[in-house]
1. What is the average number of partner chain Cβ atoms found within 10 Å of a Cβ in B:167-180?
2. Collect residues whose amide H, placed 1.01 Å from N in the peptide plane, falls under 5 Å from the amide H of A:Ile152; neighbours closer than 5 in sequence don't count.
3. Please arrange B:Leu91, B:Leu169 by counting, for each residue, the other beta carbons lying within 10 Å of its beta carbon, fewest first.
4. Given +1 on the Cβ of Lys and Arg, -1 on the Cβ of Asp and Glu, and no further charges, what dipole in debye does the protein assembly as shown carry about its Cα centre, rounded to the nearest 20?
5. Using Cα centres only, tell me the gap between region A:136-194 and region A:11-32 in whole Å.
6. Run the Debye formula on the Cα coordinates of the protein assembly as shown, all scatterers equal and no solvent, and tell me log10 I(q)/I(0) at q = 0.07, 0.13 1/Å.
7. Under 19 Å from the Cα of A:Lys58, which aspartates and glutamates turn up, not counting those fewer than eight places away in the same chain?
8. With just the Cα atoms of region B:5-65, tell me how far they stretch along each of the three principal axes, in Å, largest first.
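Values quoted throughout were computed directly from the atomic coordinates according to the rules given, and no laboratory measurement underlies them. What you see is a predicted model, and the numbers here were worked out from it, not measured in a lab. Here the Cβ positions follow ideal geometry from the backbone for every residue, glycine too, while neighbour counts run over all protein chains shown.
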2 protein chains.
Amino acid sequence: MTSPDAPTNPAVGRPRSERARLATLDAAADLLVEGGLAAATMEAVAARAGVSKVTIYKWWPSRGAVAVDAYFHRFDETYAYVDTGDVAGDLTTQIRLLIHSFRGRAGELMAELIGQAQSDPSLSDTLRTGWLQPRREATATVLGRAVDRGQIRPDVDIPTVMDQLYAPLYWRLMMRHQPLDDALADEVVRNTLEGVRVR
Amino acid sequence: MTSPDAPTNPAVGRPRSERARLATLDAAADLLVEGGLAAATMEAVAARAGVSKVTIYKWWPSRGAVAVDAYFHRFDETYAYVDTGDVAGDLTTQIRLLIHSFRGRAGELMAELIGQAQSDPSLSDTLRTGWLQPRREATATVLGRAVDRGQIRPDVDIPTVMDQLYAPLYWRLMMRHQPLDDALADEVVRNTLEGVRVR
DNA sequence: AGGTTTGTGTACGAGTCGTTCATGATCTAA
DNA sequence: TTAGATCATGAACGACTCGTACACAAACCT
């Protein structure tokens, strides 16, 4: 839930219109769902939201920035981070949930957002800060506890383990070379944990 | 090395101009190196190549298709697939080579190509067929021999193992959340093989 | 020669981008 | 109540890109 606030909101002067903000995000989200990233043009968003194009440019630096905020606004996936003590089970649950949500429209859109981020630094930043980072922190907690419990060797690099767990998921989402299903979650967790467990 | 040949080249009539083909690919590659995917506009490529825009549209379906062919044309990375019998060493060598090439301009461009592929099916197809597939087949051979030698359990899913090995690399290339260096290759190979080896 | 396909030059309409300008609206502080 | 500050709007603009249409020249085969 990244808040669009490139300029700060000072105490003096006319305050920012919440109506315009929400109308923009809703319009952008609708366009995203209907026609993907290509349809979420600045002009189209402005027209649909009934908000001036200038106003949108004032608060968001680029079309991609609007899109990713609209994505967060619409698909507010409250990712549940269970911690039952069963590392394998907890990780499998997390990854299966993500896979499940990525098998729908949200997945296509996330792929398009990551794609657009390769040529839009502001989108890249927002995606890394607002999407990836919180999820990695939560996963790091789960893995850290497993280390504390003596279930994972302390010499393994946790960031790398996180990539081994999640990167295959995003990779299949974007390249579509292999199915994105629960079997992937199960296999990845099984192989990865077996590779880092205390012997 | 995907050959651009949307229409077939019949035996009758004026043959396709090799000059125009090479001029197009060279111009596109130059523009890619200089200004990234954004600079490789159809108009810019046509102008620089001295080739009519219509001619380019005749042989390539989209701007992304031109770009990926130009990438293959310029960065003809002859990926060496060693097979010394030392699975860990061979995989580490492969992955280190790829990481090394991705740390330069080729990496930025590959990231942009994968990004653009998310909204350009023809680019997505070319990338999957001309880039990913041959590399996966070569890796499958290496892993298959390791299975035959009894170094990898026969019940593990090889495509998933390949994703565990390579996806973290592409994931870091695109998200830039962690460094893309030799340590990643070493750690990934170590963890992955440890997780699938015969016990 | 006749038929066929390719390449060129020019031009076009449609769409998008990001910005400028003048004007009015809405808030805080004096 | 007034002055100052900031925001939102509408319209318009130049620049750029896209993909296509047209007429015509070039190169090859039978």
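1. On the way: counts 12, 11, 3, 5, 12, 4, 1, 10, 11, 4, 9, 6, 1, 0.
Per-residue shielding by partner chains comes out at 6.
2. A:Val147, A:Val198
3. Details: B:Leu91 24, B:Leu169 21.
Arranged by neighbour count, lowest to highest, B:Leu91, B:Leu169 become B:Leu169, B:Leu91.
4. On the way: 46 positive and 52 negative charges, 154 e Å.
Using Cβ point charges on Lys, Arg, Asp and Glu, the protein assembly as shown gives about 740 debye.
5. Cα centroid of region A:136-194 versus Cα centroid of region A:11-32: 37 Å apart.
6. -0.38, -1.15
7. Partners within reach: A:Asp5, A:Glu18, A:Asp26, A:Glu43, A:Asp69, A:Asp120, A:Asp125.
8. Rounded to whole Å, the extents work out to 39, 19, 15 Å.
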